Number of protein chains: 2
Amino acid sequence: METGWSPVPRNRVTIQGGFWRKWRDLIGNVTLMHQLEEMRGEGHIDALELDQRMHRGRSLGDGWYWGASIFWDSDLAKWLEAASAYLEQNKDDRLEQAMDDIIARFERAQAPDGYVNSHFLTWRPRHRFKNLRDLHELYCAGHLIEAAVVHYEATGKPSLLTVARRFADLLVKRFGPGPNQTPGYCGHPEIELALVRLYRLTNEPSYLELSRFFVNQRGQEPNFFDLEAAARLDSEPFRPNHPGSPYAYMQAHQPIRDQSKVVGHAVRAMYLFSAVTDIALETTDASLLQAAERIWRDVIDTKLYITGGIGSASENEGFTRDYDLPNERAYAETCASIGLFLFAHRLLQSRLSSEFGDVMELALYNCILSGIGLDGKTFFYDNPLASHGQHRRIPWPWWCPCCPPNLARLINSLSGYLISARAEDIAIHHYVTGEATLDNVRLQVESGLPFSGETRITVTTDDPRERTLALRVPGWAGQITVWLNGAEARPESSDGYFLFRRTWQTGDRIDLRFDMPIRKKFARFEVDADRGRMALMRGPLVYCLEQVDNGPQLDRLIIPVEKDFRPVESEQLLNGVVTLRGHAIQEKPPENQSLYRDQPPSTETVEITAIPYYAWANRGAGEMQIWTRSR
Amino acid sequence: METGWSPVPRNRVTIQGGFWRKWRDLIGNVTLMHQLEEMRGEGHIDALELDQRMHRGRSLGDGWYWGASIFWDSDLAKWLEAASAYLEQNKDDRLEQAMDDIIARFERAQAPDGYVNSHFLTWRPRHRFKNLRDLHELYCAGHLIEAAVVHYEATGKPSLLTVARRFADLLVKRFGPGPNQTPGYCGHPEIELALVRLYRLTNEPSYLELSRFFVNQRGQEPNFFDLEAAARLDSEPFRPNHPGSPYAYMQAHQPIRDQSKVVGHAVRAMYLFSAVTDIALETTDASLLQAAERIWRDVIDTKLYITGGIGSASENEGFTRDYDLPNERAYAETCASIGLFLFAHRLLQSRLSSEFGDVMELALYNCILSGIGLDGKTFFYDNPLASHGQHRRIPWPWWCPCCPPNLARLINSLSGYLISARAEDIAIHHYVTGEATLDNVRLQVESGLPFSGETRITVTTDDPRERTLALRVPGWAGQITVWLNGAEARPESSDGYFLFRRTWQTGDRIDLRFDMPIRKKFARFEVDADRGRMALMRGPLVYCLEQVDNGPQLDRLIIPVEKDFRPVESEQLLNGVVTLRGHAIQEKPPENQSLYRDQPPSTETVEITAIPYYAWANRGAGEMQIWTRSR
């Protein structure tokens, strides 16, 4: 099962133009400073001074403060990761100073034994490791570790990595099966994948071993969270009404290898199974990989919004029953789709299958990108697929600011998710204009995605060798044409990848043309919310109707199945998009007060315009819908 | 505004055959004894002995027992009313003995001052009139009074009437605006309409005056329920999340004359506005009648299910926002539709308009009759318009058994709702096979309703006079043909009534043929739940699809607007019904696991059978739906 594929690192790939360069620049120039100011204003940064007076916020009684949030450190860490990744390829003195200042505060806050968490050190000094179930303690540690890994890779400075390793070493001592160790794991998975990243950077096996312990221990009986609650004398029932069972909320209801349905909090599930896949690959553990694949299958076949969103319910920020995918009250948290992206990327290293890249792309271009406004300063936490105008972007989800910095770190790290390598072979999963520099070959990519399906890949090498270049064929492609050095080619393909094996020389060139037909999408019958409805897609983009283009009461529109739509390049609209135009039937408003009548509503034909879903809610409040009635 | 119309009393009209005779016989022969046994088993009857040990039931803590229900007496009273109305025209010694036994217990339970309520006398002797808001005390009194009126009318025995009048006299002393009186009213309206009935029987004006006081006092500031709660030292907020405002739950949020939208608990609203209309008519109060008409308009235009059900939400057993009419989770309590029937019947005495009769008929033949199984021994409390098979009839809704005896008393009293008279004029609202005997004329009616729209009315009189016979033209009628003594007639009509003015002689005969086309009904756009859907009706009957006839996954069916259906007489089915047969398109099941696909589902044409809604859930568990997708 070991395939040997591994991602070409973030710092070996540059994004030099096109769609994602614009986003990366916006996030570097606008978003990071905006987020920093918001976190400064809320008190995240001062909190690291470990002075209760610095913790601002509103009291909720019982010693709980929204201001003194248990996960503030994690948001700072995600921001550090995002800023590090940005500074890896850009220069910005203000950002760098802000970054160093925060790192210095983490250094000062760290206890002599290596422990660091501003919430516990300030508000709950005696509660350390006493409530792994609820308090996100190891989750915060995980984000600190991830930030440290990227900061070190990006800057070469050991400052944050030293803090993180001291903390990680403390965790290695504290957690495990030994007689003086705690046999616990975190209610919110994150530490697991972070420890694998730290292991990969440092080659220190105890980090991988601890991560593996956390994964293997999860859901074993007696359940650690029961023991922990008893030790705290806590007799409150935990989430008694959670679908399935209480601990399904955090995927701790049964051992990982016994799980076959994805349950509970969506971000937790995705972070957990990302780590599960990592460990399966690092330790050649087929049973773990099978568990990850089962969970993947369940997500994709029964719980995935067409936008790449997952986790339909706000109650548990997560999964419910199969096919329960409401549109207007979809939760579809930005972080959950980021987690799905991460999970798919892990699985992609286990085997090349275009399905993984298709889902990464779907999540990235739709649900994830929907999470940030075109101004770079406003955000969605949840990403519904329909709205009556109440859903607005906000500058900062202060009550739980996980998504904005998560989104920033993902987009700034995007270059690390595009390409994999295995010995001499190279697999390009995502076509993004830029350059990848491997040991002995350089690939230049020019791509029109997401609005055009034309891509050119040019090879430069001083050391021509026989190698396979694997190129993902997107699931959305219509007619596909491929040229090798200008001559039409018919490469073999496997699992949705074109495989070009040859001795590559400088100047070798592949041109790909993936036609982008406008696709009408229909959900399977079991999805109540989408029955009798149609969604429009083109390339990786899901489209939606907005009131500003189509008038109010969007649900009066009916798209006949046979009607054609056409793409329209709209350079001035929404920072430049391709819209879709076509005709629909519109039910006319009722003529009188009757609730019921003997005739169907009269209709007229109207022209409608659909925009990419990610760009909605950037022109004021109004209705939006992805799924339009059809007949 | 005083129109002078009043109902021809129940005991002047007999139901001699056809659809309603079968139901009346079933209820007399089966339902009444079944209900008696259920109430005996639960403890309703023994509770009247005022011995706590006789109150059986389950403790809910805090001194609350489901068994010792606060409204048990009212269910006994409704049963007494139903039994009295049955015995008015039938003989049954067992029933009569049971009735007399219960009445004797009420007599023994009555306190020297006239107070009678088994719950308060047993469980809360010191709480008398201390919590009018929640405890249904005057509601129970109201049902006792209604039962007493009917019992006296039916049997001539003074026993129960004496009990009721002594209690009513106590209430007259206790409640009112005077210095030693309580300026309160009941959280659950019912006493108001009961007092009007008692006034009409006894001509004692203090009963009408008290009812009028209750109505006028309702919703005045300071709100009595606030004062009452303060006097109890009760600081718990009352229904803080009720739509609109807390006291909107019981229509006490503002004075009656200021109310223009129907709000809150549906049964309460209907009983209240029935009384409001009664009082408006008795006291010639135009502003009260206008309030009643406004509320009527709001119900009919924005909150009425196609079945005649009202009150869509279980949370408040009542109304929510305009057009909020979900199907599967419809509450649509049987009692609420009975209340709507009563309210419409009151308004009908204020002016002849076929709309009132149409709604009475709609409620009666659909939502109300749905509340009882064809076996006469099983019931629905709530009447959803769609089901995945979980909704089953039950022998007794023990936690709140209001609907079954309410349904029995309505159907046994049906003859009192069919015809009105004004001086010499007669208005027939509902065509039911039977005979009406007025002072100087007898009308015989033969009708095929609800399955055929043919009716014959024959006159017998010893005293030929000029009078108007007003005959309601149902809103569902297609082509209408009328014959007077065999010759086609073209009577004038007004507000949906044919007006025949002539000197009627014995042997005069009117034949009516109201064609019953199968009507496809469409809800207005604002009703989310029915958008893109169609319901089938024929005559007054709403039809539904059941799984037993049409297979599972009924929502795979799509009825093309242009498809015709045909009526099929099915004598052997469901005690004899007319079914509707026709063709629909059925989406085929998906061929693979994909959640989304590029093609609409493939379809096939299938024959489908619809049955009258009232008769559903009599052939085992299965899916049902009224609103079918259409295109």
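Couple of notes before you dig in:
- Some residue of segment B:324-336 being touching a Cys at 6+ places or on another chain (Cβ under 9 Å) and within 13 Å of chain A (Cβ to nearest Cβ): no
- Test result for residue B:448, touching a helix residue (DSSP H, G or I) at 6+ places or on another chain (Cβ under 9 Å) and either modelled with pLDDT under 95 or not hydrophobic (A, V, I, L, M, F, W, C) (or both): yes
- Among the candidates A:85, A:141, A:111, A:104, the residue that is in a helix (DSSP H, G or I), surrounded by fewer than 23 Cβ atoms within 10 Å (Cβ to Cβ), at negative phi and of a type in the set (Gly, Ala, Ser) is uniquely A:104.
- Total residues in segment B:540-566 satisfying the condition of being touching a Lys or Arg at 6+ places or on another chain (Cβ under 9 Å), hydrophobic (A, V, I, L, M, F, W, C) and more than 12 Å from chain A (Cβ to nearest Cβ): the figure is 2.
- Filter result (small (Gly, Ala, Ser) and over 19 Å from residue B:130 (Cα atoms)) within segment B:210-233: B:211
- Sole residue being surrounded by fewer than 21 Cβ atoms within 10 Å (Cβ to Cβ), farther than 23 Å from residue B:570 by Cα and under 27 Å from the mean Cα position of the chain (by Cα), chosen from B:530, B:495: B:495
- Residue check for residue B:569: away from every other protein chain (no Cβ under 14 Å) and at pLDDT 95 or above: yes
- Subset of segment A:519-534 (residues that are hydrophobic (A, V, I, L, M, F, W, C), within 11 Å of residue B:598 (Cα to Cα) and within 7 Å of chain B (Cβ to nearest Cβ)): A:522, A:523
- Qualifying residue in segment B:470-479 (condition: touching a helix residue (DSSP H, G or I) at 6+ places or on another chain (Cβ under 7 Å), assigned to a loop (DSSP other than H, G, I, E, B) and of a type outside the set (Gly, Ala, Ser)): yes
- Checking each residue of segment B:199-207 against the condition of being surrounded by fewer than 24 Cβ atoms within 10 Å (Cβ to Cβ), over 15 Å from residue B:131 (Cα atoms) and among the aliphatic types (A, V, I, L, M) gives at least one match.
- A Cβ distance below 7 Å, combined with a sequence gap of six or more or placement on separate chains, defines the contacts here; from segment B:69-81, residues that are under 14 Å from residue B:45 (Cβ atoms) reach residues that are in a helix (DSSP H, G or I) and of a type in the set (Asp, Glu) in the pairs B:77/B:146.
- Scope segment A:92-143; condition of a type in the set (Asp, Glu) and within 23 Å of residue A:265 (Cβ to Cβ); matching residues: A:134, A:137
- Taking segment B:1-51 as the range and being part of a loop (DSSP other than H, G, I, E, B), small (Gly, Ala, Ser) and over 20 Å from residue B:357 (Cα atoms) as the test, the residues that pass are B:17, B:43.
- As a summary of the residue check, residue B:503 satisfies the conditions (1) facing chain A (nearest Cβ under 10 Å); (2) farther than 23 Å from residue B:362 by Cβ except for the one numbered (1).
- Some residue of segment B:294-312 being among the aromatic types (Phe, Trp, Tyr), under 25 Å from residue B:143 (Cα atoms), out of contact with any Cys (no Cβ under 8 Å at 6 or more places or on another chain) and surrounded by fewer than 24 Cβ atoms within 10 Å (Cβ to Cβ): yes
- Single residue of A:537, A:516 found to be facing chain B (nearest Cβ under 10 Å), surrounded by 21 or more Cβ atoms within 10 Å (Cβ to Cβ) and either in contact (Cβ under 8 Å) with a residue 40 or more places away in the chain or outside any helix (DSSP H, G or I) (or both): A:537
- Selection status of residue A:97, closer than 24 Å to residue A:411 by Cβ, at pLDDT below 95 and either among the polar types (S, T, N, Q) or in contact with a Pro (Cβ under 7 Å, 6 or more places away or on another chain) (or both): no
- Filtering A:495, A:462 for residues that are in contact (Cβ under 8 Å) with a residue 24 or more places away in the chain, within 30 Å of residue B:602 (Cβ to Cβ) and of a type in the set (D, E, K, R) leaves a single hit, A:495.
- The number of residues in segment A:415-448 that are over 19 Å from residue A:506 (Cβ atoms), surrounded by fewer than 18 Cβ atoms within 10 Å (Cβ to Cβ) and not aliphatic (A, V, I, L, M) comes to 1.
- The set of residues from segment B:590-631 being part of a strand (DSSP E or B), more than 10 Å from chain A (Cβ to nearest Cβ) and of a type outside the set (D, E, K, R) comprises B:603, B:605, B:606, B:608, B:609, B:610, B:611, B:612, B:624, B:625, B:628.
- Matching residues in segment B:498-513 - criterion: being in contact (Cβ under 8 Å) with a residue 40 or more places away in the chain and either touching a Cys at 6+ places or on another chain (Cβ under 8 Å) or of a type in the set (A, V, I, L, M, F, W, C) (or both): B:504, B:510, B:512
- If you check A:193, A:161 for being under 30 Å from residue A:253 (Cβ atoms) and buried (at least 17 other Cβ atoms within 10 Å of the Cβ), only one passes: A:193.
- Any chance residue A:363 is touching a residue at least 40 places away in the same chain (Cβ under 8 Å), in a loop (DSSP other than H, G, I, E, B), touching a Leu at 6+ places or on another chain (Cβ under 6 Å) and closer than 21 Å to residue A:268 by Cα: no
- Some residue of segment A:605-619 being free of Cβ contacts under 8 Å to residues at least 40 places away in the same chain and out of contact with any Asp or Glu (no Cβ under 7 Å at 6 or more places or on another chain): yes
- Identity of the residue in segment A:291-321, in a helix (DSSP H, G or I) and free of Cβ contacts under 8 Å to residues at least 12 places away in the same chain, that ends up farthest from the other protein chains (Cβ to nearest Cβ): A:297
- Meets criteria (assigned to a loop (DSSP other than H, G, I, E, B) and either surrounded by fewer than 16 Cβ atoms within 10 Å (Cβ to Cβ) or touching a residue at least 60 places away in the same chain (Cβ under 8 Å) (or both)) for residue B:561: yes
- Any hit, segment B:241-256, residues being in contact (Cβ under 8 Å) with a residue 12 or more places away in the chain, under 14 Å from residue B:346 (Cα atoms) and part of a loop (DSSP other than H, G, I, E, B): no
- Residue within segment B:210-227 that is of a type in the set (Asp, Glu) and surrounded by fewer than 23 Cβ atoms within 10 Å (Cβ to Cβ) present: yes
The values are calculated or read from the model by the stated rules, or taken from the named source; none is laboratory data. Note that this is a predicted model, so its numbers are computed, not measured. Here Cβ is always computed from backbone atoms with ideal geometry, including for glycine, and neighbour counts include all displayed protein chains.
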